[in-house]
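Before any comments, here is the structure.
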Amino acid sequence: NELPDISGKTYVYNSARAVFYAPSDLSGLGGLHHERIRSVSSWYGGAAHRDCIFVGNTDAEPDAEGFTNLHVARVFLFFSFNHDGVTYPCALVQWFSAVGDAPDEETTMWMVEPDFRRSKRSLEVIHLDTVL
């Protein structure tokens, strides 16, 4: 598993803007919406603010729907770098796993818990194109 040597600058960002089409909610311009995903070490002088995101699950069954087709992660850092003239926008994320095989009966929402490897957070770098 050979990783490229990145010798140029790495740029770090506090947020990323997600633009998406939501045809069921036409309150935006023809269903077009945007959200700001944030990851900052201090929110207005207080505690850290680390948003959670959905990431596409490439291991899911082709006909999987809903939450089973997603991974959940918390963003710790947004960054980008250039390699061979291509800019790669990335995020350092902590993974979460579903608790159980179905949504919680009382809240009807899926419950998640953070993943750990050898008592440390399970962190990984992902390309921003995988964020849903």
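The values are calculated or read from the model by the stated rules, or taken from the named source; none is laboratory data. As the structure is a prediction and not an experimental result, all values here were calculated from the model. FYI the Cβ positions are ideal-geometry reconstructions off the backbone, even for glycines, and counts take in every protein chain you see. Protein only, heavy atoms only, side chains kept; ligands, DNA and RNA dropped before computing areas. Shrake-Rupley method; radii C 1.70, N 1.55, O 1.52, S 1.80 Å.
Net charge within 10 Å of Asn14 by Cβ-Cβ distance, Lys/Arg positive one each and Asp/Glu negative one each, not counting Asn14 itself? Please list the in-between numbers first.
Working: positive: Arg36, Arg38; negative: none.
Counting the neighbours of Asn14, the net charge comes to +2.
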ask   = Normalised by the residues of the chain, what does the relative contact order come to in percent, with Cα pairs under 8 Å and at least six apart?
value = 20
note = Spelling it out for Met111: with amide H atoms placed in the peptide plane at 1.01 Å from N, the residues 5 or more places away or on another chain with amide H under 5 Å from its amide H are Val99, Asp104
task = Compute the length gained on full extension between Asp5 and Ser80: take 0.36 nm times their separation in residues and subtract their Cα-Cα distance, giving the result in nm to one decimal.
result = 25.6 nm
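With +1 assigned to the C-beta of every Lys and Arg and -1 to the C-beta of every Asp and Glu, and no other charges, what is the dipole magnitude of the chain about the Cα centre in debye, to the nearest 20? It would help to have the intermediate numbers written out before the result.
Working: 10 positive and 18 negative charges, 191 e Å.
It works out to roughly 920 debye.
Computing the accessible area with a 1.4 Å probe over protein heavy atoms, can you report the carbon and sulfur percentage for the chain? Show your work: numbers first, answer last.
On the way: 5050 of 9840 Å².
Carbon and sulfur atoms account for 51 percent of the accessible area of the chain.
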